[in-house]
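Here is the structure we will look at, set down as structure tokens.
The values are calculated or read from the model by the stated rules, or taken from the named source; none is laboratory data. As the structure is a prediction and not an experimental result, all values here were calculated from the model. Backbone-built Cβ (ideal geometry, glycine too); neighbour counts: all protein chains shown. Heavy atoms of the whole protein, side chains included, go into the accessibility calculation; ligands, DNA and RNA do not. Shrake-Rupley method; radii C 1.70, N 1.55, O 1.52, S 1.80 Å.
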Amino acid sequence: MLGNQILKLLKQEIPQIEYDRYIKQLRYDEEASRSDIAVFHAPNPIIAKWVGTRYAQKLSHLFELKTGVKPNVVVEVKNRKKGAAAPKAGEFTEVPAAKTSSKSTILNPSYTFESFVVGSSNQFAYTAALRVAEKPGEQYNPLFIYGGAGLGKTHLLHAIGNFNLTRGKQVIFTSLEQFMNQFTHHLRNHTMDRFRDKFRNCDILLLDDIQFLSRKEETQKELFHTFNELHGAGKQIVMTSDQHPKKIAGLEERLRSRFEWGLIVDIQPPELETKIAIIKKKCELNGIHLDNDIVNYIAANMGNNIREIEGIIIQLNAFANMMNQNITLEFAQNVVKNQLKERTENITIDDIVKVVSKELNVKPSEIKSKSRSKNIVAARRIVIYLARSLTPNSMPSLAQYFGMRDHTAVSHAMKKINETIDKDETFKAKIEELSHKITSSSAE
Ligand code: ADP
Ligand code: MG
């Protein structure tokens, strides 16, 4: 069976202990699965969430390697007989919503406006999303939400969808990647009319992670027509991206300008109080108890990616259940520290080059070249500085990476950056932001 083959492939890629504890307990649901949804059953919410956060992407990728289509991986709790009630909202499960009524709507019922914590960092985006949910197609069309990883963009998108499903609207949620895969699939099978039928006949189109449009000319063309059709008919379009449309490289001008027709809102990293409120909310929804000092410690030390913060809460709870003991502050500190360590251990110079080149608008190949042009030299210095602080590379090995004669050039670059950091607050903040981007992108 396909699902079991995929689990076997995964087994080869992960530690045995993880496999035995979590993956082995999954059952593939052949009946409920389709080419675009793979459904697995887990014996309890903890395992469901664990697999969901850590392995859904990987599983989805393995399916794609095998079948050519990248499905949404859904991990449900199987503790009920056929026909019994669906899992409660707030349980850590993802359920394909409205499997019977609408076509490819995969909404997570726990991502609602009620479960979204509002703070000044996300208030604007929240309010705009709520307006759009209440009056789709009327005011802000399209709505474009952008911001860093794990800040709640997808959550708001699902919230709009869930809100409208209950009002009988036809909602389509799709990531840009799925849109693209389905497009290629239908193109290959000469069934484009079915594709168009689906995407052009809905009340609300929710498009997640639009940044992957970058340089995909064919997909952009198709999306352009989908957009025009829906917008012309007064249907609502909501998109998310990790960047402002202006900053998405290789995006056709006509699409970019359309993305800017409606309202563009950003989500900023949460302030400490918002982070604390989010942690408390997640604990409450999942029946987990954490003392205040632990909540504060996690909020202060974990960075801004809420997905990672949730991962920590789930890990703490899972370990506490397994060991049958309470969660102490010391224990929480260890788990957090391990997570942070694991994250930096995985960073390579190439990761740094990738992020810096994207942010500073130079090519990776230019950073690695010998070019002396001013902005390239600046980008190269920043890469060197960040590589020294985020990777275990020594100065000589960095010199080798950049094809420099010896480490003196590396130490010169370090000196320059340190000097600038000392006298320029904005530059310092930029470096911190880059460093944060690198550590959070490598954690995904
Ligand atoms: P993004 O799409 O921006 O990368 P997600 O929407 O997937 O981020 O959010 C990651 C996780 O963090 C989700 O489980 C989501 O519920 C949670 N989250 C993010 N922001 C909030 C918030 N303000 N209130 C409650 N949960 C949040
Ligand atoms: Mg997202």
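Key figures for this structure:
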{"item": "Pick from region 154-195, criterion of a type in the set (A, V, I, L, M, F, W, C) and within 19 Å of SER214 (Cα to Cα), ranking: farthest from ligand 2 (Cβ to nearest atom)", "result": "PHE183"}
{"item": "Inter-residue pairs, beta-carbon under 9 Å, first closer than 17 Å to TYR111 by Cα and part of a loop (DSSP other than H, G, I, E, B) and in region 274-290, second open to solvent by less than 20 Å² (accessible area, probe 1.4 Å) and among the hydrophobic types (A, V, I, L, M, F, W, C), 6+ apart", "result": "ASN286/ILE313; ASN286/ILE314"}
{"item": "Qualifying residue in region 143-153 (condition: within 15 Å of ligand 2 (Cβ to nearest atom), in a helix (DSSP H, G or I) and either in contact with a Pro (Cβ under 7 Å, 6 or more places away or on another chain) or modelled with pLDDT of 95 or more (or both))", "result": "yes"}
{"item": "Where a residue in region 227-238 is touching a residue at least 40 places away in the same chain (Cβ under 8 Å) and its partner, wherever it lies, is part of a loop (DSSP other than H, G, I, E, B), with Cβ under 6 Å and at least six apart", "result": "GLY234/GLY137; LYS235/GLY137; LYS235/ASP203; GLN236/PRO136; GLN236/GLY137; GLN236/ASN141; ILE237/PRO142"}
{"item": "Residues (among the aromatic types (Phe, Trp, Tyr) and touching a residue at least 40 places away in the same chain (Cβ under 8 Å)) located in region 383-428", "result": "TYR385, TYR401"}
{"item": "In region 305-327, residue farthest from PHE116 (Cα to Cα) [restricted to those that are open to solvent by 40 Å² or more (accessible area, probe 1.4 Å) and touching a residue at least 60 places away in the same chain (Cβ under 8 Å)]", "result": "ASN321"}
{"item": "Flag for ASN181 being assigned to a helix (DSSP H, G or I) and either in contact with a Lys or Arg (Cβ under 7 Å, 6 or more places away or on another chain) or among the basic types (Lys, Arg) (or both)", "result": "yes"}
{"item": "So ILE47, is it out of contact with any Cys (no Cβ under 7 Å at 6 or more places or on another chain) and within 18 Å of PRO109 (Cβ to Cβ)", "result": "no"}
{"item": "Complete set of residues in region 187-224 that are charged (D, E, K, R), more than 16 Å from ligand 1 (Cβ to nearest atom) and part of a loop (DSSP other than H, G, I, E, B)", "result": "ASP203, ARG215, LYS216"}
{"item": "Residues satisfying the stated conditions in region 387-405, i.e. farther than 19 Å from ILE438 by Cβ and open to solvent by 70 Å² or more (accessible area, probe 1.4 Å)", "result": "PRO396, GLN400, ARG405"}
{"item": "Residues satisfying the stated conditions in region 361-376, i.e. among the aliphatic types (A, V, I, L, M) and surrounded by fewer than 16 Cβ atoms within 10 Å (Cβ to Cβ)", "result": "none"}
{"item": "Criterion (out of contact with any Ser or Thr (no Cβ under 8 Å at 6 or more places or on another chain), over 21 Å from THR166 (Cβ atoms) and modelled with pLDDT under 80) met by exactly one of LYS88, LYS81", "result": "LYS81"}
{"item": "Only listed residue being modelled with pLDDT of 95 or more, closer than 26 Å to VAL73 by Cβ and open to solvent by 30 Å² or more (accessible area, probe 1.4 Å), chosen from GLU134, GLU114", "result": "GLU114"}
{"item": "Residue satisfying all of: in region 50-71; outside any helix (DSSP H, G or I) and touching an Asp or Glu at 6+ places or on another chain (Cβ under 9 Å); farthest from ILE106 (Cα to Cα) among these", "result": "VAL69"}
{"item": "Residue that is nearest to LYS275 (Cα to Cα) [pool: residues in region 121-155 that are among the aromatic types (Phe, Trp, Tyr) and within 12 Å of ligand 1 (Cβ to nearest atom)]", "result": "TYR126"}
{"item": "Out of GLU30, GLU13, sole residue that is farther than 22 Å from GLN178 by Cα and in a loop (DSSP other than H, G, I, E, B)", "result": "GLU13"}
